[in-house]
Amino acid sequence: MTYSTEDRRQIERLIRISREKPLDSDTFVPWGTALGPEFGYLPEKLISLAEHPIYPSLSNEQKRELAKREVVQAMYAYCWSEGLFCAFMTRYIMSQAPDHIERRYLLHEVIEESKHQQMFAHTIVKMGVQPVPVVPLQAWIGEFWVRYCSPPIVFMSCIAIEMMADRYGEALRHDENAHPILQKVAQLHNIEEARHILFTKLLLKRYTENIGFWRSTQFSLIVLLNMRFFQSTYVRSSIFKDLGLPHPDRLRREVFRSYQERFAGECLGTVKELVDSFNGFNFITRPLWRWVLRMPV
C-alpha cells in the first residue's frame, strides 16, 4: 500500500502511543468487584426476550441471569472473531520486511488484540458463566476462512464483527447500571480500538476503492453472513433451558425474528454505512439483507 506523508506521520504516531502508553487491563478493570444484585449486565434493549410476552413473568434473578449469559455470549463471539483477526494480520505481514511501517504497526495491533482476547476471557471467567460454544461446522468454517480465503475477504469479515462489537461496547459504557467490570472492559477496548481506526480506514479504502458490481456484491454478502453468524452464537435455546423456561427450542424460534429487528435498529447502523461505502446494496443483496437480517435497506 502507498501512503501519503501525512498517513505515515499518523501511523508512526499511533505506533509511538501504543509503545509509550499501553493500557493494562489488570489495573484498569476493577476485577475484584463482586457480582451483586445492584448491578446489571446488559441494557434491556439488547436482551433477546425483552419484547416477548414471557419476559414480564420472569423473576428479577432470571432477568439478571439472562442478561449475564447473553453478554457472555457476545464476548465469546467477539473474542473468537478477534482470534481470527490476529491470524489474518499475522498472515498479512509475513512477506513484509521487519522495518516496514505496516508490519511495525500491525505487530502492535496483534499484541493489543491478543490482550483484548485475554481480557474478554477473564471477564467471562469473572461472570461465572460457561459460554455456549460455536458448533463444529462454524469452527471449521472460521478456520478455513482465515487460512485460505484472500486477505480482502477475511478483512471484511473481521471489520464487520468489529463494528457490531463497538455498538455493544457503547451500550455498556453508557449504561449506568452495568457492572463496573463490563463498563471498564468496554472503555478500555474502545480506547485501543480508536488507535486502530486510521489503519483500518486505509486498508478498507485499498480493498474497496473503485471496485465493480460483483466485488461489492461479494463483500456485502460476506458482511451479511458474519452478522448472521454472530446472531446464531448469541440467542441460544440452551440458555433458556438453563433458566428453566418452558419449551426453549420453540421460544428461541419465536423470539429470534423480533430480536433481529431490534438488533438491526440498535447495532447495524455503522455496518449499513460500511456496506453503503462500497455500494454493496443492490438488487441481489437488498432482498437478502431484508430476509436474513430483517434489516430495512
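Note on region 170-184: residues that are in contact (Cβ under 8 Å) with a residue 24 or more places away in the chain and out of contact with any strand residue (DSSP E or B) (no Cβ under 6 Å at 6 or more places or on another chain) amount to 7. Taken together, M156, M164 contain a single residue that is under 22 Å from A121 (Cβ atoms), out of contact with any strand residue (DSSP E or B) (no Cβ under 8 Å at 6 or more places or on another chain) and in contact (Cβ under 8 Å) with a residue 40 or more places away in the chain, which is M164. Candidates in region 257-297 are the residues that are of a type in the set (A, V, I, L, M, F, W, C) and without any contact (Cβ under 8 Å) to a residue 24 or more places away in the chain; of these, the one that is nearest to Y55 (Cα to Cα) is W291. Could you list, in sequence order, the residues of region 241-255 that are in a helix (DSSP H, G or I) and touching a residue at least 24 places away in the same chain (Cβ under 8 Å)? D242, L251, E254, V255 - these are the residues of region 241-255 that are in a helix (DSSP H, G or I) and touching a residue at least 24 places away in the same chain (Cβ under 8 Å). In summary, P53 fulfils each of the numbered conditions (1) outside any helix (DSSP H, G or I); (2) at pLDDT 90 or above; (3) more than 17 Å from V255 (Cα to Cα) with the single exception of condition (3). Just one of the listed residues (F120, F155) is within 12 Å of the chain's Cα centre (by Cα) and of a type outside the set (G, A, S), namely F120. Just name the residue that is surrounded by the most Cβ atoms within 10 Å (Cβ to Cβ) out of those in region 256-297 that are within 22 Å of the chain's Cα centre (by Cα), assigned to a helix (DSSP H, G or I) and of a type in the set (D, E, K, R). That would be K272. Please tell me if W145 is part of a helix (DSSP H, G or I), more than 24 Å from V255 (Cβ to Cβ) and touching a residue at least 12 places away in the same chain (Cβ under 8 Å). Here the answer is yes, as W145 does meet what is asked. Taken together, the residues in region 192-227 that are modelled with pLDDT under 90, surrounded by 14 or more Cβ atoms within 10 Å (Cβ to Cβ) and not aromatic (F, W, Y) amount to 11. Criterion applied to R228, R195 was being in a helix (DSSP H, G or I), touching a His at 6+ places or on another chain (Cβ under 9 Å) and either over 16 Å from S48 (Cβ atoms) or touching a residue at least 12 places away in the same chain (Cβ under 8 Å) (or both), and the one residue passing it is R195. The set of residues in region 56-96 that are among the hydrophobic types (A, V, I, L, M, F, W, C) and in a loop (DSSP other than H, G, I, E, B) comprises L58, M94. Exactly one residue out of M164, M127, M75, M94 is surrounded by fewer than 17 Cβ atoms within 10 Å (Cβ to Cβ) and of a type in the set (A, V, I, L, M): that is M94. Entry remark, region 7-31: residues being free of Cβ contacts under 8 Å to residues at least 12 places away in the same chain, more than 17 Å from Q117 (Cα to Cα) and of a type in the set (D, E) number 1 in total. Tell me, which residue of region 8-49 that is more than 21 Å from the chain's Cα centre (by Cα) and crowded, with 16+ Cβ neighbours inside 10 Å is farthest from I111 (Cα to Cα)? Ranking the candidates gives F39 first. Residue pairs whose Cβ atoms lie under 8 Å apart, separated by 6 or more positions or on different chains, with the first residue in region 204-225 and in contact (Cβ under 8 Å) with a residue 40 or more places away in the chain and farther than 16 Å from R286 by Cβ and the second assigned to a helix (DSSP H, G or I) and small (G, A, S), are L204/S277; T208/S216; T208/S277.
Here I211 passes the criteria (1) among the aliphatic types (A, V, I, L, M); (2) closer than 28 Å to R91 by Cβ; (3) not in a loop (DSSP other than H, G, I, E, B) except the one numbered (3).
The values are calculated or read from the model by the stated rules, or taken from the named source; none is laboratory data. This is a predicted model, so every value here is computed, not measured. When we count neighbours, we look across all protein chains shown, and the Cβ atoms used for this are built from the backbone with ideal geometry, even at glycine.
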